[in-house]
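Chemist: Can you read through this structure? Questions will come right after.
The values are calculated or read from the model by the stated rules, or taken from the named source; none is laboratory data. Keep in mind that this is a model prediction, so the values were computed, not measured. No Cβ is skipped: glycine too gets one built from the backbone with ideal geometry, and neighbour counts run over all protein chains shown. To get the accessible areas, we keep the full protein, side chains included, count just its heavy atoms, and leave off ligands, DNA and RNA. Shrake-Rupley method; radii C 1.70, N 1.55, O 1.52, S 1.80 Å.
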Amino acid sequence: MTKENVQGAGEEEQQAQSKKALKKQQKEAEKAAKKAEKQAKLAAEQQEADEDDFAKDRYGICPMVQSQQKLDRALVRVQDLTPEKAEQQIWVRARIHTSRAKGKQCFLVLRHQQFTVQALLAVGDRASKQMVKFAANLTKESIIDVEAVVKKVEQKIESCSQQDVELHVERIFVISQSEARLPLQLEDAVRPEGEGDEEGRATVNQDTRLDNRVIDLRTTTSQAIFRLQSGVCQLFRDTLINKGFVEIQTPKIISAASEGGANVFTVSYFKTSAYLAQSPQLYKQMCICADFDKVFCVGPVFRAEDSNTHRHLTEFVGLDIEMAFNYHYHEVIDSITDTMVQIFKGLRDRLQTEIQTVNKQYPSEPFKFLEPTLRLEYKEAVAMLKAAGVEMGDEEDLSTPNEKLLGRLVKEKYDTDFYVLDKYPLAVRPFYTMPDPNNPKYSNSYDMFMRGEEILSGAQRIHDAQLLTERAMHHSIDLEKIKAYIDSFRYGAPPHAGGGIGLERVTMLYLGLHNVRQTSMFPRDPKRLTP
């Protein structure tokens, strides 16, 4: 190829390239013009919409509440929205549980705690198109204030707790906006297990719940569980105070393992070590020796046990009782069982809404109890188990499966979910347990059971320093480590007995739930230290 030919071909290529670039520039210019036109059109539409939006002062996002003003405005709770309030104009603050836009309407379900109500916005003389669109685009879990008229409905709204009314919204303002992406969906978190499997709808597993506990605690089920648990504490306190008990507070940082056991958490304490209390027992007993007669305390208890079961936690709330008696430790059993019965009655009579809410997700039989409470002796229990085919020795401790089986046998025979097992073999109880005066192989000790699971362990305590020393030596316990405990009984000690109850277990078993983590607000177990 000649020099001229090469040059000509190069020029042609350059021309083709510049044509391409020109075309590209033209295309980009057209694109930009179209974009500008579109933006101008949108801006014009927006301006027109703003001018046409007669309801623009009736909705929006409020500035952050920094206590700028005191409004003389009463807010009505969702649970108080009943047909009696029909045709009243009210303000409500709630979360957006769900929203659904349909043509010129938007349906919201508003939720506060365990209660929900349907709200409706429709294009009309009180709400513009823009207002309905604004409401439809609000993120779930945002907190809003709405002004609305309460309307009776002809057909019950089955999906809400407030089934007889709905709200016709006239104003809607966002108080706190939620991020659009939630770590879990609340409707998934309250779905009964097994339901929705065939439609491929999700349920939420326990770790996801606990990792996102703040969201999980908002569910109607969680709200009901922890309100019922609060009821257990209140009824426990009220009943005991009415019986003449004194509430005490005991230290949780102690110098030696409280029960002489190894399952304690060690904490550094300045230049030495201390332990987290496994039980307030020593201090309860000291108070009895100090003539308080009847004491109780509610507080955390720590167990350094690597137990990854459905009913063990490393930190739980102990409801502890200790009481001096006159002649027989059954006086104390009667006092504790009556307290439990008062709790069961109070929950049944005062917290039926909460019980029904939990039952929707976790169905269970209503909790049954007798008055007076059934009390069986350990020997009777062993005989019942042997008759059912269980092979066990007379002085053998009950295994968890045997406890559950015994619970079923007792339910069949006596129709109760709550009973006391008395007179345990001495060999399976701690060193401070008073031996049975009539049979040294047994002891004045007892456990209480709900639905076949132990919720309280208790006994008459040895209140004589000499006998306590002998029993400690029999158990090979270092006397130096429990010297302060033994010394408490050297200056005259009344006969006394007591026991400790696990709050989370009582709540779990009363409601027929299957995991203690469901009834611990922020559970601690060997694998979980957060949140």
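Chemist: On the given criteria, is residue 487 closer than 23 Å to residue 295 by Cβ, modelled with pLDDT under 95, over 21 Å from the mean Cα position of the chain (by Cα) and open to solvent by 20 Å² or more (accessible area, probe 1.4 Å)? Working first, answer last.
Modeler: Numbers: closer than 23 Å to residue 295 by Cβ: yes; modelled with pLDDT under 95: yes; over 21 Å from the mean Cα position of the chain (by Cα): yes; open to solvent by 20 Å² or more (accessible area, probe 1.4 Å): yes.
Here the answer is yes, as residue 487 does meet what is asked.
Chemist: Now a separate question. Test residue 223 against the criterion of being surrounded by fewer than 17 Cβ atoms within 10 Å (Cβ to Cβ) and either within 22 Å of residue 522 (Cβ to Cβ) or modelled with pLDDT of 90 or more (or both), and give yes or no.
Modeler: Here the answer is no, as residue 223 does not meet what is asked.
Chemist: Exactly one of (1) in contact (Cβ under 8 Å) with a residue 60 or more places away in the chain; (2) not in a helix (DSSP H, G or I) is unmet by residue 251. Its number?
Modeler: Looking at each condition in turn, residue 251 falls short on (1).
Chemist: I've got another one for you. Here's a check for you: in the stretch 467-477, which residue that is touching a residue at least 24 places away in the same chain (Cβ under 8 Å) and more than 40 Å from the chain's Cα centre (by Cα) is most open to solvent (accessible area, probe 1.4 Å)?
Modeler: Applying the first criterion (touching a residue at least 24 places away in the same chain (Cβ under 8 Å)) to the stretch 467-477 yields 468, 471-472, 474-475, 477.
Still in the running and more than 40 Å from the chain's Cα centre (by Cα): 468, 471, 474.
Numbers: 468: 0, 471: 35, 474: 126 Å².
Among those that are touching a residue at least 24 places away in the same chain (Cβ under 8 Å) and more than 40 Å from the chain's Cα centre (by Cα), it is 474.
Chemist: Turning to a different aspect of this structure: Select from the stretch 55-102 the residues that are outside the structural domain of residue 163 (by the TED database), in contact (Cβ under 8 Å) with a residue 40 or more places away in the chain and of a type in the set (Gly, Ala, Ser) and write down the one among them that is surrounded by the most Cβ atoms within 10 Å (Cβ to Cβ).
Modeler: Among residues in the stretch 55-102 that are outside the structural domain of residue 163 (by the TED database), in contact (Cβ under 8 Å) with a residue 40 or more places away in the chain and of a type in the set (Gly, Ala, Ser), the one surrounded by the most Cβ atoms within 10 Å (Cβ to Cβ) is 55.
Chemist: Kindly provide the set of residues from the stretch 259-297 that are open to solvent by less than 30 Å² (accessible area, probe 1.4 Å) and of a type in the set (Val, Ile, Thr), ordered by number.
Modeler: Result: 264, 288, 295.
Chemist: Determine, yes or no, whether residue 72 is within 35 Å of the chain's Cα centre (by Cα), farther than 14 Å from residue 144 by Cβ and modelled with pLDDT under 95.
Modeler: It is true that residue 72 is within 35 Å of the chain's Cα centre (by Cα), farther than 14 Å from residue 144 by Cβ and modelled with pLDDT under 95.
Chemist: Another question about this same structure. I'd like the residue in the stretch 363-385 that is of a type in the set (A, V, I, L, M, F, W, C) and in a helix (DSSP H, G or I) and, out of all such residues, is most open to solvent (accessible area, probe 1.4 Å). If you could, list the steps in order and put the result at the bottom.
Modeler: Filtering the stretch 363-385 down to residues of a type in the set (A, V, I, L, M, F, W, C) leaves 367, 369-370, 374, 376, 381-385.
With the extra rule that they be in a helix (DSSP H, G or I), the set shrinks to 381-385.
On the way: 381: 1, 382: 6, 383: 56, 384: 34, 385: 0 Å².
The extreme case among them is 383.
Chemist: Here's something else I'd like to know. If residue 416 meets every condition in (1) more than 27 Å from the chain's Cα centre (by Cα); (2) assigned to a loop (DSSP other than H, G, I, E, B); (3) surrounded by fewer than 21 Cβ atoms within 10 Å (Cβ to Cβ) apart from one, which number is that one?
Modeler: Result: residue 416 passes all but (1).
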